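The structure appears right after this line, and notes come after that.
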Amino acid sequence: MALPIDLLLKDIMGIRRCLFVKVSIFITCLSDAIYPQVGEAMSRILACQGVKLHFPEVQTCCGQPAFNSGYWDEARTSARTLLEAFDDSDFIVSPSGSCTGMIHHYYPSLFKDDPVMLTKAREFSGKIYEFSQFLVNVLGVTDIGAHFPHKVTYHPSCHGTRLLGIKEEPRQLLANVKGIEFVELPFAEDCCGFGGTFAVKMSEISGAMVEEKVQHVIETEAEVLVGMDMGCLMNIGGRLRYEGKQVRVMHLAELLHEGVKQKV
């Protein structure tokens, strides 16, 4: 059941009570610096559902690049800033399964020797959601009334799928878009080869992986490739342009927002 607008319903000792909640947006580095339209689209979609988003301006990188490279002290510095920035938020929504997965699975490891920060890390992990998770599992919304008359295929990013267990949420949202022609991507759950620092350290292997991914995208004859992580979409989109292929690459939030604007 969907939650009432701007309210969280909880069943406490058999009595349903309404608690006002504060929902904040964690924008992530790639969205902030390269794809600001993704954050804007996500914010507008949630606003249409009655959710007023807060934006803590002191938020920073989740620390994943440093963590994956072995610089745990530097990752802790970023993590502390993030924990403080969203300390008074009840829910946090992010357009990235990768960054959300980092927080869910690795923040407790970063602070395993600091009881106070470990508690904060666990609380933070319990209230941050990737965009499609929040829309479907928290708000109970699977149909926003979008209309998008195009042939679309979907790439499920590794971190969102494996770390957060995101499987059906994006598909449910896409299934309810009017006019869409959805086609399955062959070997969809194979990695695109980005992996953040992996693409730099193992560039030849990464290049071969994204080349294979692009070939599968082309096989679908889709007009649009949609996904949930801008790192993956940046990698696949770059290879598509290199190959001279006219496939539009979009974050799910962008597709849904465009679909709402052009619905008939």
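The values are calculated or read from the model by the stated rules, or taken from the named source; none is laboratory data. Model, not experiment: these values are computed from the prediction. With ideal geometry, Cβ positions are generated from the backbone for all residues, glycine too; neighbour counts draw on all protein chains shown. The area values use the complete protein model at the heavy-atom level, side chains included, leaving out ligands, DNA and RNA. Shrake-Rupley method; radii C 1.70, N 1.55, O 1.52, S 1.80 Å.
May I ask for the net charge around ARG44, where only other residues with Cβ less than 11 Å from the Cβ of ARG44 are counted and Lys, Arg are +1 while Asp, Glu are -1? List each step's numbers first, then the result.
Values: positive: LYS261; negative: GLU40, GLU254, GLU258.
Summing Lys and Arg as +1 and Asp and Glu as -1 gives -2.
Mean separation of Cα pairs under 8 Å and 6+ residues apart, divided by the residue count of the chain: what relative contact order is that in percent? Provide the component values of the computation, followed by the final result.
Numbers: 455 pairs, mean separation 50.4, N = 264.
Reported as a whole number, the value is 19 percent.
Computed from backbone phi with θ = phi - 60° and the Karplus coefficients 6.51, -1.76 and 1.60, the 3J(HN,Hα) list for region 156-165 is x, 5, 4, 5, x, 6, 8, 7, 9, x Hz; x is used for glycine and proline.
Considering only DSSP beta bridges whose two residues both sit in the chain, what percent are antiparallel, to the nearest 5? All intermediate terms of the calculation are to be shown ahead of the outcome.
Values: 6 of 25 bridges.
The answer is about 25 percent antiparallel.
Taking other residues whose beta carbon is less than 14 angstrom from the beta carbon of ALA199, and scoring Lys, Arg as +1 and Asp, Glu as -1, yields 0.
Hey, what number do you get for the chain at 222 nm if only DSSP H runs of n ≥ 4 count, each worth -39500 (n - 2.57), divided across all residues, to the nearest 500? The partial results should precede the final answer.
Details: 11 runs with 114 residues, N = 264.
That calculation yields -13000 deg cm²/dmol at 222 nm.
Per residue, the accessible area of region 5-138 comes to 50 Å², computed with a 1.4 Å probe over protein heavy atoms only. Among 241-254, 106-119, sorting by the average number of other beta carbon atoms lying within 10 angstrom of each residue, highest first, gives 241-254, 106-119. Cross-link reach is defined here as a Cα-Cα straight distance under 17 Å, omitting same-chain residues fewer than 8 places apart; for LYS245 the aspartates and glutamates meeting it are GLU211, GLU212, GLU219, GLU221, GLU223. Rolling a 1.4 angstrom probe over the protein heavy atoms with all chains in place gives region 142-262 an accessible area of 46 Å² per residue.
What is region 142-262's relative contact order, in percent, from Cα pairs under 8 angstrom and six or more apart in sequence? Each step should come with its number before you reach the end.
Values: 196 pairs, mean separation 41.9, N = 121.
This gives 35 percent for region 142-262.
Each Cα pair under 8 Å and six or more residues apart adds its sequence gap; the mean of these over the residue count of region 5-138 is a relative contact order of 24 percent.
Checked against a 22 Å cut-off, the cross-linked pairs LYS127/LYS178; LYS167/LYS213; LYS52/LYS261; LYS120/LYS201; LYS127/LYS261; LYS52/LYS127 give Cα-Cα distances beyond that limit for LYS127/LYS178; LYS120/LYS201; LYS127/LYS261.
Take the solvent-accessible surface of the protein heavy atoms, probe 1.4 Å, and return the percent of it on the chain that carbon and sulfur atoms account for.
On the way: 6850 of 12820 Å².
That fraction is 53 percent.
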